[in-house]
Amino acid sequence: MEDSGTERIELKIAFLENAFQELSDVVYRQQREIESLQTQLALSQRQLEEIKADRVVPRPEDERPPHY
């Protein structure tokens, strides 16, 4: 028969191993999500830069007077 102190330690170790695995899984999922968000952000930044580059700034001589 096992000592109750040894059994408690084994239960705690099993609990900690399980908790560690769960936390590891959470960290892995969060890292994947961060990478996905970084990719999306980079794409959005490129698109914004393209929009800025394509934007034509109107010249005053090209504008119609307000009474037209």
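What follows is calculated from the coordinates using simple rules that are stated; it is not laboratory data. This is a predicted model, so every value here is computed, not measured. A quick note on method: Cβ atoms are made from the backbone with ideal geometry, for glycine too, and the neighbour counts reach across all protein chains shown.
Overview of results
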| item | result |
| --- | --- |
| Residue count, the range 41-66 (criterion: exposed (fewer than 10 other Cβ atoms within 10 Å of the Cβ) and assigned to a helix (DSSP H, G or I)) | 7 |
| Any hit, the range 11-26, residues being assigned to a loop (DSSP other than H, G, I, E, B) and under 35 Å from the mean Cα position of the chain (by Cα) | no |
